[in-house]
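Colleague: Okay, handing you the structure first.
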Amino acid sequence: MNKSIAIIGGGAAGCFCAIILKELMPQCRVSIYEAKSRLMSKLAITGGGRCNLTNNFNSDSIAQITNIESFYPRGYRIIKRLFNEFSPYDTIKWFENQGVKLVAQADGCIFPMSQNAMEIVSTLQQLLKKHGVNIILNHKIEDIRQLSEEIKIITIGGKKTEGGYAFIEPLGINIEKPCPSLFTFELDNASLNSLSGTVVGHVALSIPTTKFRSDGILLLTDWGISGPATLKLSSYAARFLDNANYTAQISINWLAKNQEEAREIIQKEIIANKSKKLSSIGLPNLTSRLWAHIISRADIREDIWCSEIGPRQINRLSMALTSDIYQMTAKGSFKDEFVTCGGVSLKEIESNTLRCKKHPDIYFAGEVLDIDAITGGFNLQAAWTTAYAVAKSVCS
């Protein structure tokens, strides 16, 4: 039986879903409705224009992937289940079968070997053309009506634009409030901001009195902090920070160690360098300018000799190294890319098929769902996985 399928949104998930639909059911009629003048405009700039299309979790198989919730703060249960349908390894194999050569980084991020996102865009565009998918550009959907039981509707995008859910809300579907989930932190501290450009290899970030924690590389900027550790924390605490109007205390653990471990490191350095000034000894992973800043944060003279350092000053240094607290005053943006949490509530869909419970001929996939991840290719993988799951469900 022929089916007519309307896909609302021509991003990565929408285009991938259309291709899989035609692969699984060549006789179906598939149309993509895109509000912009071209398809996959965001995919073209993802990963800084290199397209971090997935992440292998530094594992050899789906069975070895653990702690998925640490990568997907929202929607990890559905993602974990759907990985059995289409995992990161299936993504890698699928693109390689299309002739795209891929390369893996040490952190598990997968890129095209060309380091060019347009190779991924062009590959998908060619397949859309090959399969005869009907493309309708500059077409904003304002209403959804059931015209025939043979028409299936897949909604993909919408939560990145103001009023993006207007065409969904009349259907009586619960929408979780969208809010940014990948952003940098503006911190109110001139001394720290003067260290712009400094990279710290491994820190631990947290929001005091909450459960939100992250670790990784930290980049100091002229407005505050950025880098993987910051973006990860912004994802974990997205709704908390939105509710707090992006004002909160941020604790930096410069060594990613506990206070006792930091104290032992300091004592060892002081004993070994009694004839030197404290400012000249430094610590591994910290630049001399950052070390001077931390000494100041501990309220210790920069020109003090190590032989003069006592237990109280060591305690203050260990505190400054492991619990250095700053005031966040606003959020920044993450380049030209923007990820949000929120969207169609996962309670509104069947977890195995992504079919709408209230409207059985409507499916949801991609960014329109309340699923999002930390940076590192995980958000694109959610797009591929949910798009594949919907295509398979529609064809069954």
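The values are calculated or read from the model by the stated rules, or taken from the named source; none is laboratory data. Not measured: the values here are computed from a predicted model. For neighbour counting, all protein chains shown are included, and Cβ atoms are generated from backbone atoms with ideal geometry for every residue, glycine included. The area values use the complete protein model at the heavy-atom level, side chains included, leaving out ligands, DNA and RNA. Shrake-Rupley method; radii C 1.70, N 1.55, O 1.52, S 1.80 Å.
Colleague: For the condition surrounded by 22 or more Cβ atoms within 10 Å (Cβ to Cβ), touching a Phe, Trp or Tyr at 6+ places or on another chain (Cβ under 9 Å), of a type in the set (Gly, Ala, Ser) and within 20 Å of ILE156 (Cα to Cα), what is the one hit in ALA6, ALA18, ALA13?
Modeller: Numbers: ALA6 fails: surrounded by 22 or more Cβ atoms within 10 Å (Cβ to Cβ); ALA18 fails: touching a Phe, Trp or Tyr at 6+ places or on another chain (Cβ under 9 Å).
Selected residue: ALA13, the only one of ALA6, ALA18, ALA13 that is surrounded by 22 or more Cβ atoms within 10 Å (Cβ to Cβ), touching a Phe, Trp or Tyr at 6+ places or on another chain (Cβ under 9 Å), of a type in the set (Gly, Ala, Ser) and within 20 Å of ILE156 (Cα to Cα).
Colleague: Something else: Condition (residue is touching a Ser or Thr at 6+ places or on another chain (Cβ under 6 Å), at pLDDT 80 or above and closer than 19 Å to ALA12 by Cβ) applied to segment 159-171: is it met by at least one residue? Walk me through it before giving the result.
Modeller: Our first condition is that a residue be touching a Ser or Thr at 6+ places or on another chain (Cβ under 6 Å); within segment 159-171, this holds for 159.
This time we only want the ones that are at pLDDT 80 or above, so: none.
No, because not a single residue in segment 159-171 is touching a Ser or Thr at 6+ places or on another chain (Cβ under 6 Å), at pLDDT 80 or above and closer than 19 Å to ALA12 by Cβ.
Colleague: Identify all residues within segment 71-101 that are open to solvent by 60 Å² or more (accessible area, probe 1.4 Å) and either of a type in the set (A, V, I, L, M, F, W, C) or not in a helix (DSSP H, G or I) (or both); write none if there are none.
Modeller: Listed by number, the residues that qualify are ASN84, GLU85, GLN98, LYS101.
Colleague: Is it fair to say ALA104 is open to solvent by 30 Å² or more (accessible area, probe 1.4 Å), more than 25 Å from ASN352 (Cα to Cα) and small (Gly, Ala, Ser)? Spell out the reasoning first.
Modeller: Details: open to solvent by 30 Å² or more (accessible area, probe 1.4 Å): yes; more than 25 Å from ASN352 (Cα to Cα): yes; small (Gly, Ala, Ser): yes.
So ALA104 fits the description; yes.
Colleague: In segment 301-340, which residue that is within 30 Å of ILE154 (Cβ to Cβ) and assigned to a strand (DSSP E or B) is modelled with the highest pLDDT? Don't jump to the end; show me each part of the working.
Modeller: So in segment 301-340, the residues within 30 Å of ILE154 (Cβ to Cβ) come out as 333-340.
Keeping just the survivors that are assigned to a strand (DSSP E or B) gives 334, 337, 340.
Numbers: PHE334: 61, GLU337: 52, THR340: 89.
Of everything passing the filter in segment 301-340, THR340 is modelled with the highest pLDDT.
Colleague: Among the strands (runs of 3 or more DSSP E) lying completely within segment 212-266, list those that include at least 1 residues that are of a type in the set (Val, Ile, Thr) and over 16 Å from ASP188 (Cα atoms).
Modeller: Details: elements: 213-220, 224-226, 248-253.
Here the list reads 213-220.
Colleague: Residue by residue through segment 290-319, note down the ones that are touching an Asp or Glu at 6+ places or on another chain (Cβ under 9 Å), open to solvent by 10 Å² or more (accessible area, probe 1.4 Å) and of a type in the set (Gly, Ala, Ser).
Modeller: ALA292, SER296
Colleague: List the pairs whose first member sits in segment 228-254 and is free of Cβ contacts under 8 Å to residues at least 60 places away in the same chain, whose second member is of a type outside the set (A, V, I, L, M, F, W, C) and buried (at least 18 other Cβ atoms within 10 Å of the Cβ), and whose Cβ atoms are under 8 Å apart, counting only residues at least 6 apart or on separate chains?
Modeller: ALA229/SER214; ALA229/GLY216; THR230/THR184; THR230/SER214; LEU233/SER206; LEU233/SER214
Colleague: Okay, next question. What are the residues in segment 258-284 that are within 36 Å of the chain's Cα centre (by Cα), exposed (fewer than 15 other Cβ atoms within 10 Å of the Cβ) and modelled with pLDDT under 95, if any?
Modeller: Listed by number, the list holds a single entry, PRO284.
Colleague: For segment 184-213: of the residues being open to solvent by less than 10 Å² (accessible area, probe 1.4 Å) and under 20 Å from the mean Cα position of the chain (by Cα), which is farthest from ASN245 (Cα to Cα)?
Modeller: Per the stated criteria, the residue is VAL203.
Colleague: Based on what the data block shows, is GLY343 small (Gly, Ala, Ser), in contact with a helix residue (DSSP H, G or I) (Cβ under 6 Å, 6 or more places away or on another chain) and at pLDDT below 95? Before you say what the answer is, go through the steps one by one.
Modeller: Details: small (Gly, Ala, Ser): yes; in contact with a helix residue (DSSP H, G or I) (Cβ under 6 Å, 6 or more places away or on another chain): yes; at pLDDT below 95: yes.
In short, yes.
Colleague: Checking THR353 against (1) open to solvent by 10 Å² or more (accessible area, probe 1.4 Å); (2) out of contact with any helix residue (DSSP H, G or I) (no Cβ under 9 Å at 6 or more places or on another chain): exactly one of these is not met. Which one?
Modeller: (2)
Colleague: When the residues of segment 110-125 are filtered to those that are within 16 Å of ILE45 (Cβ to Cβ) and among the hydrophobic types (A, V, I, L, M, F, W, C), which remaining residue is most open to solvent (accessible area, probe 1.4 Å)?
Modeller: MET118
Colleague: Might you let me know whether segment 359-373 holds any residue that is open to solvent by 20 Å² or more (accessible area, probe 1.4 Å) and at pLDDT 95 or above? Reasoning before the result, please.
Modeller: Taking segment 359-373 first, the residues open to solvent by 20 Å² or more (accessible area, probe 1.4 Å) are 359-361, 367.
From what is left, the residues that are at pLDDT 95 or above are none.
Within segment 359-373, none of the residues are open to solvent by 20 Å² or more (accessible area, probe 1.4 Å) and at pLDDT 95 or above.
Colleague: Given (1) over 21 Å from the mean Cα position of the chain (by Cα); (2) outside any loop (DSSP other than H, G, I, E, B); (3) touching a residue at least 40 places away in the same chain (Cβ under 8 Å), identify the lone condition not met by PHE16.
Modeller: Result: PHE16 fails condition (1) only.
Colleague: What single numbered condition from (1) open to solvent by 10 Å² or more (accessible area, probe 1.4 Å); (2) farther than 21 Å from LEU182 by Cβ; (3) assigned to a loop (DSSP other than H, G, I, E, B); (4) at pLDDT 95 or above fails to hold for ASP60?
Modeller: With (1) open to solvent by 10 Å² or more (accessible area, probe 1.4 Å); (2) farther than 21 Å from LEU182 by Cβ; (3) assigned to a loop (DSSP other than H, G, I, E, B); (4) at pLDDT 95 or above applied to ASP60, the lone miss is (4).
Colleague: Here are some conditions: (1) within 15 Å of LEU255 (Cβ to Cβ); (2) free of Cβ contacts under 8 Å to residues at least 24 places away in the same chain. VAL203 meets all but one. Which one does it not meet?
Modeller: (2)
Colleague: Check LEU354, LEU317, LEU369 and return the single one that is within 30 Å of TRP223 (Cβ to Cβ) and either of a type in the set (A, V, I, L, M, F, W, C) or without any contact (Cβ under 8 Å) to a residue 12 or more places away in the chain (or both).
Modeller: Details: LEU354 fails: within 30 Å of TRP223 (Cβ to Cβ); LEU369 fails: within 30 Å of TRP223 (Cβ to Cβ).
From the options LEU354, LEU317, LEU369, the qualifying one is LEU317.
Colleague: Failed condition for MET40, given (1) more than 15 Å from GLY366 (Cβ to Cβ); (2) part of a loop (DSSP other than H, G, I, E, B); (3) modelled with pLDDT of 95 or more, with all others met?
Modeller: (1)
Colleague: Further question: Applying the selection to segment 379-396, what residues are of a type outside the set (A, V, I, L, M) and either surrounded by fewer than 24 Cβ atoms within 10 Å (Cβ to Cβ) or touching a Cys at 6+ places or on another chain (Cβ under 8 Å) (or both)? Let's see the steps before the verdict.
Modeller: Restricting attention to segment 379-396, the residues satisfying the condition of being of a type outside the set (A, V, I, L, M) are 379, 381, 384-386, 388, 392-393, 395-396.
TYR388, LYS392, SER393, CYS395, SER396 - these are the residues of segment 379-396 that are of a type outside the set (A, V, I, L, M) and either surrounded by fewer than 24 Cβ atoms within 10 Å (Cβ to Cβ) or touching a Cys at 6+ places or on another chain (Cβ under 8 Å) (or both).
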